[in-house]
1. Take the residues in the range B:168-179 that are in a helix (DSSP H, G or I) and surrounded by fewer than 19 Cβ atoms within 10 Å (Cβ to Cβ); name whichever of them is nearest to the other protein chains (Cβ to nearest Cβ).
2. Give the residues of the range B:5-60 that are over 23 Å from the mean Cα position of the chain (by Cα) and closer than 20 Å to residue B:122 by Cβ, sorted by residue number.
3. When the residues of the range A:59-95 are narrowed to those that are charged (D, E, K, R) and under 21 Å from residue A:190 (Cβ atoms), which ends up surrounded by the most Cβ atoms within 10 Å (Cβ to Cβ)?
4. Restricting attention to the range A:32-57, which residues are within 20 Å of residue A:67 (Cα to Cα) and not in a helix (DSSP H, G or I)?
5. For the range A:66-121, enumerate the residues that are hydroxyl-bearing (Ser, Thr, Tyr), in a helix (DSSP H, G or I) and more than 9 Å from chain B (Cβ to nearest Cβ).
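The values are calculated or read from the model by the stated rules, or taken from the named source; none is laboratory data. This structure is a prediction, so every number in the text was calculated from the model and none was measured. In this analysis, Cβ positions are derived from the backbone assuming ideal geometry, glycine residues included, and neighbour counts consider all displayed protein chains.
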2 protein chains.
Amino acid sequence: MAKPAYHHGNLRDALLAAAIEILEAEGLSALTLRAVARRVGVSQTAPYRHFEGKEALLAAVAAEGFRRKHQIQLNYANAAPDTGKFRAAGKGYVAFGQENPELLKLMFGAVIRDWSQYPELVAASRVNYDGLLAAAAAALPEGSLVPAETVASAAWSLVHGLTLLLVDGQITPERAGAVDQDALVDQVLNMLGGPPPKT
Amino acid sequence: MAKPAYHHGNLRDALLAAAIEILEAEGLSALTLRAVARRVGVSQTAPYRHFEGKEALLAAVAAEGFRRKHQIQLNYANAAPDTGKFRAAGKGYVAFGQENPELLKLMFGAVIRDWSQYPELVAASRVNYDGLLAAAAAALPEGSLVPAETVASAAWSLVHGLTLLLVDGQITPERAGAVDQDALVDQVLNMLGGPPPKT
């Protein structure tokens, strides 16, 4: 039933790519197995070869989101000098979220109720988290008493909150006292471990 | 049509309180003018005396959310010693979000498209933000070169991200290397202006 372009072996990837396009363009409510099949140009039953149902599709989309986010964060970190890799990975997080706001919300929202049913999602999320933890450990000063897990949680909270507040228009360069958005992100990231407030 | 309990002057408050209860118990999709009327025990047309339609109701609910969050943050700050008020306000943010996760998402999500149509929402959000800005300014060390707006944006990002990642089960005390959730929140809040990472 599949069109020749989607021969055995890449239909699943094509379905996931189409699902992410639909999600970003039309929102979560428009993301159905039927819509994905239509976009890829396969029969309505074809997606069921790969996904049991709607939630399984969403879990696979979220897993693909974690893989893409991890790769973007790696790319940002790899392009940065040794002394800037941790912050660069944070900028990669923000960039991913701004390009894929609906995907980010799907990945972290409570749409998929029981992650333990989806080992692919657990694994992709774990790889991304382990990357964060390793980067946090590498960024800690020698002899630091703060555990890497704490730095990781704080950095994650900071970039996650910043991304959502930017995406939803709550924080703007103007409101944050920055000349533009890139400067804003730099300034906020610098506050992690920046000058301590008095109180 | 209203029951005697809701005499002139407090129907709007009763409708907002009922709306928030429905939102937290059943989610955004269950929040309709009809459901709110039913919960308060008034006629289905009664809510239209106060809200033009669904979006106007949501905007008023979000405004009430900002007022409640602001009050909780003030309560936390007021109960803290002078040297801990800024962090205490952050703990108030997390506490509010954990008690009212759906309300927090409504307040900051993109559900209400054009805030400028709802002066009550703009005003309530502004009062809350101005409180953040004043607390950030008061927490800055004397002679700091970092503007209060930057500290405010970073602190907001940190507590907003932390709250959502806690609510959605992404960050847990175990994962963050903390003994319990209260310690986790303290440890993450301490990272704002805490020991600078090496890179």
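1. Within the range B:168-179, the match that is nearest to the other protein chains (Cβ to nearest Cβ) is B:175.
2. Of everything in the range B:5-60, just one residue is over 23 Å from the mean Cα position of the chain (by Cα) and closer than 20 Å to residue B:122 by Cβ, namely B:52.
3. Across the range A:59-95, the extreme among qualifying residues is A:87.
4. A:50, A:51
5. Once the filter is applied, which keeps residues that are hydroxyl-bearing (Ser, Thr, Tyr), in a helix (DSSP H, G or I) and more than 9 Å from chain B (Cβ to nearest Cβ), the range A:66-121 yields A:76, A:93, A:116.
So that you can scan it fast, the table gives a plain yes or no per residue for (1) facing chain A (nearest Cβ under 7 Å); (2) surrounded by 15 or more Cβ atoms within 10 Å (Cβ to Cβ):
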{"site": "B:123", "(1), (2)": "no, no"}
{"site": "B:131", "(1), (2)": "no, yes"}
{"site": "B:136", "(1), (2)": "no, yes"}
{"site": "B:141", "(1), (2)": "yes, no"}
{"site": "B:147", "(1), (2)": "yes, yes"}
{"site": "B:160", "(1), (2)": "yes, yes"}
{"site": "B:166", "(1), (2)": "no, yes"}
{"site": "B:181", "(1), (2)": "no, yes"}
{"site": "B:190", "(1), (2)": "no, yes"}
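This table checks each residue for (1) of a type outside the set (S, T, N, Q); (2) over 20 Å from the mean Cα position of the chain (by Cα); (3) over 27 Å from residue B:83 (Cα atoms).
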{"position": "B:138", "(1), (2), (3)": "yes, yes, no"}
{"position": "B:143", "(1), (2), (3)": "yes, yes, no"}
{"position": "B:153", "(1), (2), (3)": "no, no, no"}
{"position": "B:162", "(1), (2), (3)": "yes, no, no"}
{"position": "B:166", "(1), (2), (3)": "yes, no, no"}
{"position": "B:177", "(1), (2), (3)": "yes, yes, no"}
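Each row is one residue, and each column tells you yes or no for (1) in contact (Cβ under 8 Å) with a residue 24 or more places away in the chain; (2) of a type in the set (Ser, Thr, Tyr); (3) not assigned by TED's automatic domain parsing to the domain that holds residue B:20.
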site: B:114; (1), (2), (3): no, no, yes
site: B:118; (1), (2), (3): yes, yes, yes
site: B:171; (1), (2), (3): no, no, yes
site: B:185; (1), (2), (3): yes, no, yes
